[in-house]
Structure formats: C-alpha cells, structure tokens
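The values are calculated or read from the model by the stated rules, or taken from the named source; none is laboratory data. Not measured: the values here are computed from a predicted model. Here Cβ is always computed from backbone atoms with ideal geometry, including for glycine, and neighbour counts include all displayed protein chains. With ligands, DNA and RNA removed, areas are computed over all heavy atoms of the protein, side chains included. Shrake-Rupley method; radii C 1.70, N 1.55, O 1.52, S 1.80 Å.
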Amino acid sequence: MRIVYMGFPRLDEIRTRREALGMSLKKFAEMVDVKPNFLSMIETRKANPNFNLLEKIFLTLDQEEQHVLKGLKTVGQFSKKIKSVSKSDSLIDTVHLMHKNDFSQLPVFSNSRCVGMITEHSISKYFLENPGPLDSHIGVGEIMDFPPPIIDFNYKITPVLLEFLTEHDCLLVSEHGKITSLITKIDAIRSLIK
C-alpha cells in the first residue's frame, strides 16, 4: 500500500493569496475566527497554528478564490472570430485584406495549423528592408512572425492573462481542440471594465 502525503501550502502563501483576493487582514481574520494580530503572526511565520486552524484558513482561501473565479468572464466571451491567411497567399492580397477589415494582424495557417502571424510590424519591417515596389510573388510565409500562444476558450480573464498579453499582441483561442478565434490586449481590457 502506498501512502501519499498531502501537505498544506506554505504559510507565506496565506498573505499572498489573501491580498490577491483584495481582503484586509482584519476581514480575513474575522472569516477564520482569529485575532488579526495572530493571523499576521501566522502569515509571517512567527506563530505555529494548529492543524484545524490551518485547514480552516486554506479552505476559506480556496472557497473565496473559487467564488471570485466564478464571477470572471472567459476568453471566449470577448474573443473575435478568426480570419486567417495561408502561407502561400500573396503579401499584396494580404495587405489589402488587412486594410479592408482594419486588421493589425492575421494568423497564418497551413494544413489546418497556425504556423505564424502576419502583422503590421512584420509588413513594415519587410518594406524597410526591401525598398521599392512590392514583388507580387512574395508570399505571406516569407515574412510572417512566430505564431502566438494558444489558450482555451474557457480560460478566465484575469490580471495574469493581461500580463501574458504584454508579451504577445494576441492569443489564439481554442475550442474543443480547434482554433476558432483570437483575443487581443484591448479585448481583455474591455472585458475588465464592462
């Protein structure tokens, strides 16, 4: 018979998780029936609480986090249906498509897989490096950037997602294993203010 030890999270996580929930020390102390100064001592590892109190603290944190997550919106609620181009599509046609639809970026697909992104940045870079008239034979695949990360349709929009979007212009959204849409920084920001 194999015994698996399931320990509590570390004591220094209590303060981090409580503050992430926007809860004051006083309010959380009331929720777990302890004095605020004792909770502060627990959070700073200056007190050694009993098992029952630790269980109550972490269960309360878990419940509060679940309550917050239920109220959050999902990526799927704010993502935009995807329009894409193929690696072999001409750059000229792609620029016209982007201009007509006011797109700043488009995913590039090959064999039902996203293999890159064509962006205003990648197009501008191409023009700067290749002055003169555009060669009509240049394909999107020759100048595309790397594809963005893929996240699930049901992923909750949180500040962590916004941090991730500071590194990427957009994220592809997958529903049942198929890329169906994308979400940009402004889409995520709009979801937080609605």
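Observations on the structure shown:
- Of K185, K156, all but one fail to be among the charged types (D, E, K, R) and open to solvent by less than 70 Å² (accessible area, probe 1.4 Å); the exception is K156.
- Yes/no for G76 being within 27 Å of D187 (Cα to Cα) and part of a strand (DSSP E or B): no
- Cross-chain or 6+ apart pairs with Cβ under 7 Å, the range 44-69 first and within 15 Å of R10 (Cβ to Cβ), then of a type in the set (K, R) and exposed (fewer than 11 other Cβ atoms within 10 Å of the Cβ): none
- Inspection of the range 64-78 finds a residue satisfying the criterion of being of a type in the set (V, I, T), at pLDDT below 95 and open to solvent by 60 Å² or more (accessible area, probe 1.4 Å).
- Within the range 87-141, the residues that satisfy the criterion of being closer than 27 Å to K185 by Cβ, open to solvent by less than 50 Å² (accessible area, probe 1.4 Å) and in a strand (DSSP E or B) are Q105, L106, P107, V108, F109, S110, C114, V115, G116, M117, I118, T119.
- Residue list for the range 169-194, filter: over 18 Å from R113 (Cβ atoms), touching a helix residue (DSSP H, G or I) at 6+ places or on another chain (Cβ under 9 Å) and not basic (K, R): D169, I183, T184, D187, A188, I189, S191, L192
- Answer residue from the range 142-163, given it is part of a helix (DSSP H, G or I) and touching a helix residue (DSSP H, G or I) at 6+ places or on another chain (Cβ under 9 Å) and is nearest to S122 (Cα to Cα) among those: E142
- Residue match in the range 46-60 (condition: within 27 Å of the chain's Cα centre (by Cα) and among the hydrophobic types (A, V, I, L, M, F, W, C)): yes
- Among the residues making up the range 138-175, those that are in contact with a Phe, Trp or Tyr (Cβ under 9 Å, 6 or more places away or on another chain) and farther than 14 Å from T74 by Cβ are I138, E142, I143, P149.
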